[in-house]
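The values are calculated or read from the model by the stated rules, or taken from the named source; none is laboratory data. A quick note: this is a predicted structure, and the numbers were derived from the prediction, not measured. A quick note on method: Cβ atoms are made from the backbone with ideal geometry, for glycine too, and the neighbour counts reach across all protein chains shown. For the accessible areas, the whole protein counts, side chains as well, though only heavy atoms, and no ligand, DNA or RNA atoms are used. Shrake-Rupley method; radii C 1.70, N 1.55, O 1.52, S 1.80 Å.
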Amino acid sequence: HQIAERAGVSPATASETLIGIERREWVEVRGAGPSKERRLVNPRALLDAWSSYQTSVKPKPVRHFYVRSTTPPDLQRRIDHACETYGVPYEFADITAGQIHTPYLSSLSQVFCRIPARGDMQAMLASIDARPVREGWNLGVHEIPSDSELRFRERIDDFWVADPLQTYLDLLQAGGRAKELAQHLRAEKLEA
């Protein structure tokens, strides 16, 4: 029940997932019934399977915007301030989050974030003068259905950032040098 609550899924879904993980012998099991205890003993195999699945799934769409800004860090500060002002929860994602967790690339030209799709999101974007564009964008927004998808975000250097696992999975689906950053993040944060 605790896992289901934390993950935002039904107890039945959590139970079926745990049974599948047990079958693959990725966990060690003690006891039975409601007091059964499970301890992950093969995190690498679990992460490899999850990674394989993630690379086979079509990436979620990203809305592209242009915001007049001097640098990506400046844009990140503006987004954080505007989200705070309008009460909009957010998290930096993809390459932006990867660079915050484990800097690897020499520079970034775009900022990615995840924001719940609702009216105050539009007001927040308008406040930073984010204009929808097809080319020449510097802000990529993943619209998510609800705040609950941000439940594992972390506050790092005054910014809300996707947790390292979510960031890793995002990077596996991104283009460019994102896969290199994903491997760096995995080595430095997930397997350290």
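Below, the figures for the structure above:
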read-out: Relative contact order (%) - criterion: Cα under 8 Å, at least six apart; region: segment 1-78; value: 14
read-out: Accessible surface of the chain, 1.4 Å probe, proportion on carbon and sulfur as whole %; value: 50
read-out: Surface accessible to a 1.4 Å probe, per residue, for the residues of segment 50-192, Å²; value: 52
read-out: THR55 accessible area, 1.4 Å probe, all protein chains in place, Å² to nearest 10; value: 80
read-out: Mean separation of Cα contacts under 8 Å (6+ apart) over length of the chain, as relative contact order %; value: 23
read-out: Contact order relative to length of segment 92-192, as percent, for alpha carbon pairs under 8 angstrom and 6 or more apart; value: 38
read-out: Gap separating the Cα centres of segment 6-64 and segment 105-129, nearest whole Å; value: 31
read-out: Sparse-neighbourhood loop sites, GluC sites (Glu not before Pro) in segment 109-171 - DSSP loop, at most 11 other Cβ within 10 angstrom; value: GLU135
read-out: DSSP beta bridges in the chain [antiparallel fraction, %, rounded to 5]; value: 65
read-out: ³J(HN,Hα) computed for each position of segment 55-62 - Karplus, 6.51 cos²θ - 1.76 cosθ + 1.60, integer Hz, glycine/proline x; value: 6, 8, 8, 5, x, 6, x, 10
read-out: Ordering of 85-98, 14-27 by burial proxy (mean other Cβ atoms within 10 Å per residue, highest first); value: 85-98, 14-27
